[in-house]
Amino acid sequence: MTQDAPPPLLKLRDIRKSFGTLDVLKGIDLEVAPGEVVSIIGASGSGKSTFLRSINAIEPADKGRMEFEGWDFDFDRDSRFFPTDRQLQALRSRIGMVFQSYNLWPHKTVLQNVIHAPMGVLGQSRTEATEVADALLDRIGLYDKRDASPLRLSGGQQQRVAIARALAMKPRLMLFDEVTSALDPELVNEVLQLMASLADEGMTMLLVTHEMSFARDVSSRVLFFDQGEIGEEGPPSKVLRAPESPRLQQFLHSIL
Ligand code: ADP
Ligand code: MG
């Protein structure tokens, strides 16, 4: 007897987004299963960041449906299923996002950076939030830096703190937008290793990356974004090794 596949954690239908007359997302459909690691590749300007930002609703899509954790939203402003402000806030707190620029607060300590949202948004006590934060800092090897300013840390260390800060919210889904692109080459691996260990533990992840070896080794699926659409998708062995479309072939050629 075949076992039913688990229901997707995230289901997106016909996600669209324009800035003025520029159509940036032209109808994206995507389902992500729990524990899946999906890499997004594609040329600059193809809509990758806009797509991630629309998923955690920092900048909600103009149109499209999204199912996530029992919610079923319709991003058409006229729809009665458009999320309320409270729902948008809840959505953002359930989906962690890490950016190329680490965006840590420079005037807070490392620890204060990590406990801020769990206390402010989740209502955790300082003791509770600190316990979680200390465990995360220990895990990323930066417990001894907990009382330091982020400005004293290397870029790779700051990015690991930014990941810990997102994890402190206990997200069900993590989004990573070119998180190693701003790092010196020798600092890239420590961040990729942390992301690989999260993937190993079953964290569901969607990441935009130019690290093709990471996309190949860690992700279960690769999406090639092409001018606001998914041009090609499949397992890394197919998309990265045997691309079908001339545009993907050209893209891979240009970056390898
Ligand atoms: P990528 O991450 O793939 O490089 P982006 O999603 O950042 O692409 O951008 C896709 C297109 O949308 C680009 O042409 C960019 O200039 C445009 N764009 C992104 N954000 C905005 C914005 N807030 N206002 C106007 N145009 C934007
Ligand atoms: Mg981008």
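The values are calculated or read from the model by the stated rules, or taken from the named source; none is laboratory data. Remember, predicted model here, so these are calculated numbers, not experimental data. Positions of Cβ are backbone-derived with ideal geometry, glycine not excepted, and every protein chain shown enters the neighbour counts.
For the condition within 16 Å of ligand 2 (Cβ to nearest atom) and either at pLDDT 95 or above or within 27 Å of S39 (Cα to Cα) (or both), what is the one hit in S154, S181?
That would be S181, the only listed residue that is within 16 Å of ligand 2 (Cβ to nearest atom) and either at pLDDT 95 or above or within 27 Å of S39 (Cα to Cα) (or both).
Sort out which residues of the stretch 117-170 are more than 18 Å from the chain's Cα centre (by Cα), among the β-branched types (V, I, T) and under 21 Å from L183 (Cα atoms), and write them in order of number.
I140
Just the residues that are of a type in the set (S, T, Y) and surrounded by fewer than 17 Cβ atoms within 10 Å (Cβ to Cβ), please, taken from the stretch 62-108.
Within the stretch 62-108, S79, T84, S93, S101 qualify.
From P150, P171, grab the single residue that is over 21 Å from R92 (Cα atoms) and more than 16 Å from ligand 1 (Cβ to nearest atom).
Of P150, P171, the one residue that is over 21 Å from R92 (Cα atoms) and more than 16 Å from ligand 1 (Cβ to nearest atom) is P150.
Looking at the stretch 210-239, which of the residues that are part of a loop (DSSP other than H, G, I, E, B) and in contact with a Leu (Cβ under 7 Å, 6 or more places away or on another chain) is farthest from I40 (Cα to Cα)?
Out of the qualifying residues, it is G228.
Please determine, by comparing only the residues of the stretch 27-52 that are under 20 Å from P8 (Cβ atoms) and more than 16 Å from the chain's Cα centre (by Cα), which one is farthest from ligand 1 (Cβ to nearest atom).
Residue satisfying both the conditions and the ranking: D29.
Give me the residue from the stretch 203-217 that is over 15 Å from E178 (Cβ atoms) and of a type outside the set (S, T, Y) and, out of that set, nearest to the chain's Cα centre (by Cα).
Filtering first and then ranking leaves M203.
Would you mind telling me which numbered condition in (1) closer than 17 Å to G42 by Cβ; (2) buried (at least 20 other Cβ atoms within 10 Å of the Cβ); (3) of a type in the set (S, T, N, Q) T204 fails?
(1)
So, in the stretch 221-239, of the ones that are closer than 22 Å to S197 by Cα and buried (at least 16 other Cβ atoms within 10 Å of the Cβ), which residue ends up nearest to ligand 1 (Cβ to nearest atom)?
Applying the filter and picking the extreme gives L223.
For the stretch 45-72, how many residues are at pLDDT 95 or above and closer than 26 Å to F251 by Cβ?
Matching residues across the stretch 45-72 total 13.
So, in the stretch 164-209, how many residues would count as being in a helix (DSSP H, G or I), under 11 Å from G96 (Cβ atoms) and without any contact (Cβ under 8 Å) to a residue 60 or more places away in the chain?
Total satisfying the criteria: 2.
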